[in-house]
Amino acid sequence: MTEKYLVDPDLKFIKTIKQNGGDSLKKCFQCATCSVACPLSSDKQPFPRKEMIAASWGLKDHLLGNPDIWQCHNCGDCSALCPRGAKPGDVMAAIRHISILRYARPAIFERLWNDPRMLPLLFILPALVILAVGFATGLLNLQNDGGPIVYAHFFPVALIEIIYIPLTLLVGLVFFAGIRDLLADMQANYLWRGLDNGKPIKPVEFLKALITTLPTIITHNKLASCGENQQRKFSHMLVSFSFVNLAMVAGIFVFALYVLGSHGPYSQLNPVKIFANLSGIALILGSLLLIKNRLKSTDAHNSYFDWYILALALGLGVTGMLTQFIRLADWPMAAVSMYFIHLVLTFNLIACLPYTKMAHLVYRTVALAYVAYVDGRSQTSEVGT
Ligand code: SF4
Ligand code: SF4
């Protein structure tokens, strides 16, 4: 006998999807052209047609725990070919946006990064934290002693560590809780679809699946299969790699300070410094290309959620490079001010990770790993039978 399923539409959820760029969802007449056109959709679990109907029915729980929404890379191929002018790519992006906010805790912080009226606070709060901790600990020194500009004289490494290490740990905790909830939601979704057996996830097997997924994510292979917006792969890679490179450079300089006893400023010919400068240029170039692409695209929904992160990436690249140029030009007050702005933006970047589009890096990776894990497990059980 066919199992009965009672549809209980969540009208508020439909409205939220529309507000976040999925306003075309009601145009869909379920022809499935999008699922055929999507270069990333699999034969076994095609998307985004089923997500379009689930969205128009307001099936919130079946969408937010659906790993397929994370398999979509918003290339726009489906939207370009939809005969009804619906934009499934934008609907998928809107569902991902709502998903990110679902896993972001505490919910009050989510408003900070998703409401344009809160924008001034995003600069005022980190500035106040840096100044308050700096003055309270006595580590902040705004006096110029007349010698060559050394940023560590004004903002000692100890001050940076006191602020940024706890911040990073807090962000890690938010992601830990978010990943745990996402995995539970995806398991419930796959269980409902008959794709998961409901047994607890085995950490070692999951880790193996994660490792097999990483090369695809790092090389942006999925983006390469897109027809529309092909150039996004290059700009996306520039921005992602430059962030990773700059984080590595920071780690190398910390190692040099504490283990080798060597502190900056370093020569412009230092290989790590050259690497950092090239990464800074790549960050600016990649952000500009992404901004150009977004301005040009008629398919992609343009929201504050998207623009904020692009502007932040560009701001970090520009202030990072200016910090160095102004120091070399020997303008102490301008240099210290620019470095302070750069510190505020860096604080902002770390703090915003779970609450903005940046979170997709984590949740997409986990979702793709979960799909690989379930695939691997079903293959093993097939082999075993
Ligand atoms: S979104 Fe467009 S292409 Fe996809 S099923 Fe609906 S009408 Fe067809
Ligand atoms: S936007 Fe691209 S990846 Fe996403 S569903 Fe459409 S065709 Fe597939």
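Bear in mind that the values in this text are calculations on the coordinates, not laboratory data. Predicted model, so just to flag it, every value in this text is computed and none were measured. In this analysis, Cβ positions are derived from the backbone assuming ideal geometry, glycine residues included, and neighbour counts consider all displayed protein chains.
For the listed peptides 119-125, 101-107, a ranking on the average number of other beta carbons within 10 Å per residue, highest first, reads 101-107, 119-125.
Across region 1-106, how large is the tail of the calculated P(r) beyond 25 Å, expressed as a percent of all Cα pairs? The share of Cα pairs beyond 25 Å in region 1-106 comes to 16 percent.
Could you tell me which residue out of 310, 338, 290 lies farthest along the dipole of region 245-385 toward its positive end? Charges go on the beta carbon: Lys and Arg +1, Asp and Glu -1, centred on the Cα centre. The listed residue farthest towards the positive side: 338. Each Lys and Arg Cβ is given +1 and each Asp and Glu Cβ -1; about its Cα centre, region 107-384 then shows a dipole of about 420 debye.
Across region 65-106, the convex hull enclosing all Cα atoms gives 67 Å³ per residue. Starting from the Cα gyration tensor of region 194-294, take the square roots of the eigenvalues, sort them a ≥ b ≥ c, and report rounded, prolate or oblate (rounded when a/c is under 1.5, otherwise prolate if a/b is larger than b/c, else oblate). It comes out oblate by the Cα gyration axes. Return the subset of 208/357; 26/50; 60/357; 44/233 for which the Cα-Cα distance in this structure is over 18 Å, preserving the input order. Beyond 18 Å between Cα atoms: 208/357; 60/357; 44/233. Projecting the Cα atoms of 52, 210, 261 onto the charge dipole of the chain, computed from C-beta unit charges around the Cα centre, puts 52 farthest toward the positive end. When only alpha carbons are used to place a centre, region 14-80 and region 303-367 end up 32 Å from one another.
Taking the Cα centre of region 11-103 as reference, the dipole from Cβ charges on Lys and Arg (+1) and Asp and Glu (-1) amounts to some 340 debye. Taking each DSSP H run with n ≥ 4 as -39500 (n - 2.57) and averaging over every residue of the chain yields -22000 deg cm²/dmol at 222 nm. The angle between the Cα long axis of helix 332-352 and the main principal axis of the chain comes to about 20°, on a 0 to 90 degree scale.
Taking the average, over residues, of other Cβ atoms within 10 Å as the packing measure, peptides 60-70, 134-144 rank 60-70, 134-144 from highest down.
The relative contact order of the chain, computed from alpha carbon pairs under 8 Å that lie at least 6 residues apart in sequence, is 22 percent. Percent of Cα pairs in the chain per distance bin of 20 Å, from zero to the largest separation: 25, 53, 20, 2, 0.
Arranged from fewest to most other beta-carbon atoms within 10 Å of their beta carbon, 252, 95 become 252, 95.
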